[in-house]
Amino acid sequence: MTAKQPAVKKYIVKLSEAERERLSTLIQKGKCPARQVLKARILLKADASDAGEGWSDSRIAEALDTSIDTIARTRQELVESGLDAALTRKHSPNSARKRIFDGATEAKLIALACSEPPKGRSRWTLQLLETAVVELNIVDRASDNTIGRTLKKTHSSPTCRNNGSFRRMPMPRS
């Protein structure tokens, strides 16, 4: 059997004196998010320059109680994109679902919920609204749950929610 060879690091961290000072200040302030402080500590420990400590990933992971993958990603981000990118958290534009109801479609949904219910019905239900918004081409698809959340969020419908259905509120008398 052959002995395992240590992996050659693809991303070597070499910080300038100004970068080291910035990271040290960031850690000492205590006013930054914990994730940012952790990444600053990782970079200082991984620094392979003359002034740095040059620790191995496994040693850093043990000392800072984090994963080796986090250390590897932090190294990679620093080398590829710079110090600011390594310290800040990135939000993927694909992580959040697109909203089904924007302002215009929300207004149409509210107008529909405030209108007279279909013949043979005394009130709109979430299921009836779900079907109606698709049939009227307000949206391509929507669940009754989404419709309920949208109507609840807007507080602008003159209807009263009662066990998943809506009924028209009486008009105030003058």
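We did not get these values from a lab; they are worked out from the coordinates using the rules stated. What you see is a predicted model, and the numbers here were worked out from it, not measured in a lab. Every residue, glycine as well, gets a Cβ built from its backbone with ideal geometry; the counts of neighbours run over all protein chains shown.
What pairs from K90/K153; K10/K90; K39/K90; K14/K90; K108/K153 go past 18 Å between their alpha carbons? As for pairs spanning more than 18 Å Cα to Cα, those are K90/K153; K10/K90; K14/K90. Distance from the alpha carbon centroid of segment 25-59 to that of segment 134-153 works out to 48 angstrom.
Fully extending the segment from A107 to R149 would add 13.7 nm, taking 0.36 nm per residue of separation and subtracting the current Cα-Cα distance. Close amide H partners of T125, meaning residues 5 or more places away or on another chain with modelled amide H under 5 Å apart, are F166. Between S81 and K119, the simple label model (points 7 Å from Cα in the Cβ direction) yields a spacing of 5.9 nm. Projecting the Cα positions of L38, W55, I71 onto the charge dipole of segment 17-87 (unit charges on Cβ atoms of Lys, Arg, Asp and Glu, taken about the Cα centre) puts L38 furthest along the positive direction.
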